[in-house]
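The values are calculated or read from the model by the stated rules, or taken from the named source; none is laboratory data. Here the structure is a predicted model, which is why all the values come from computation and not from measurement. Here Cβ is always computed from backbone atoms with ideal geometry, including for glycine, and neighbour counts include all displayed protein chains.
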Amino acid sequence: MGKTKVSATVMFHEQIASDVYSLYLQVGEMAKEAVPGQFVSIYCKEGSRLLPRPISICEALPDKGQLRVVYRVVGAGTKEFSKLHAGAEVEVMGPLGNGFPLDACEKDKTAVLIGGGIGIPPLLELAKQLPCKTTVVVGYRNADAFLWEELEEAADRVVIASDDGSIGIKGTVLDAMEAEGVTGDCIFSCGPTPMLRGVKQWAFEKQIPAWISMEEKMACGIGACLACVCESKEIDSHSKVKNKRICKDGPVFFAEEVEL
Ligand code: FES
């Protein structure tokens, strides 16, 4: 799988929730290589912020040579991205990371895709590409929700949860799954660590294989800062310790492989 750095053109950019933006980038061939769950690193123009920002791929549009990313403004780098207008050029490296295993769930089975907050965007391309039936469960803080309408188009079923109950079922994604009797044959999940921990435990109890994307813990995204190291069950053959770099070895892991 390739890893290229290109000068990408901003095709379309809009705010879709408070602090959440949807950005379409013309990236050429890179769009053909992208697998759901992979990410790209986007470089800031500002010289003092040299490390790129890793952002997950929300949609791949290979026919148009475009990738769509949906990101939340969390610091100076993403604040700078939020000001990009159509026609602007940005340096983009990718696709990076491993992505979700699309063949993990057979055609007549059901995959449950569970996302929280800014872990939701990669589930859109995943729901589009999985060959099996899909139930998507998404959790938001409140009604300031995004992407759920597009997920309803892409998936067979969508269940929504929110912390304050202003959209969907009040509670966590697991509360909503319980209330709606959601189950399946395999699980794919992306979101904040406490949510992933709950999903891993739930999957373990139900004996359902689960893959989780730990992209939330990434910083530089290019293996340079070691901020993303997580503890793994097995000793890594390269570093000889029980460590994995999320940006290099992940961000998607079989849930039982990693400690959360
Ligand atoms: Fe910097 Fe992985 S995010 S090394």
Scanning segment 44-72 residue by residue, those in a loop (DSSP other than H, G, I, E, B) and modelled with pLDDT under 95 turn out to be 44, 45, 46, 47, 48, 49, 50, 51, 52
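One line per residue, one yes/no per condition, for (1) out of contact with any Ser or Thr (no Cβ under 8 Å at 6 or more places or on another chain); (2) of a type in the set (A, V, I, L, M); (3) more than 16 Å from the ligand (Cβ to nearest atom):
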{"residue": "14", "(1), (2), (3)": "no, no, yes"}
{"residue": "23", "(1), (2), (3)": "yes, yes, yes"}
{"residue": "36", "(1), (2), (3)": "yes, no, yes"}
{"residue": "44", "(1), (2), (3)": "yes, no, no"}
{"residue": "70", "(1), (2), (3)": "no, yes, yes"}
{"residue": "76", "(1), (2), (3)": "yes, yes, yes"}
Residues in segment 191-232 that are in a loop (DSSP other than H, G, I, E, B), within 16 Å of the ligand (Cβ to nearest atom) and surrounded by 17 or more Cβ atoms within 10 Å (Cβ to Cβ) total 5
Among 156, 185, the single one that is away from the ligand (no atom under 16 Å from the Cβ), among the acidic types (Asp, Glu) and touching a residue at least 60 places away in the same chain (Cβ under 8 Å) is 185
Per the filter on segment 233-248, residues under 28 Å from residue 110 (Cβ atoms) and either near the ligand (Cβ under 10 Å from one of its atoms) or surrounded by 13 or more Cβ atoms within 10 Å (Cβ to Cβ) (or both) are 246
Of the conditions (1) surrounded by fewer than 17 Cβ atoms within 10 Å (Cβ to Cβ); (2) in a loop (DSSP other than H, G, I, E, B), the single one that residue 5 does not satisfy is (2)
Worksheet item: Among the residues of segment 28-36, is any more than 29 Å from residue 141 (Cα to Cα) and part of a strand (DSSP E or B)?
Response: no
Check: Do we have residue 258 as within 16 Å of the ligand (Cβ to nearest atom), more than 20 Å from residue 35 (Cα to Cα) and loosely packed, with under 14 Cβ neighbours inside 10 Å here?
Finding: no
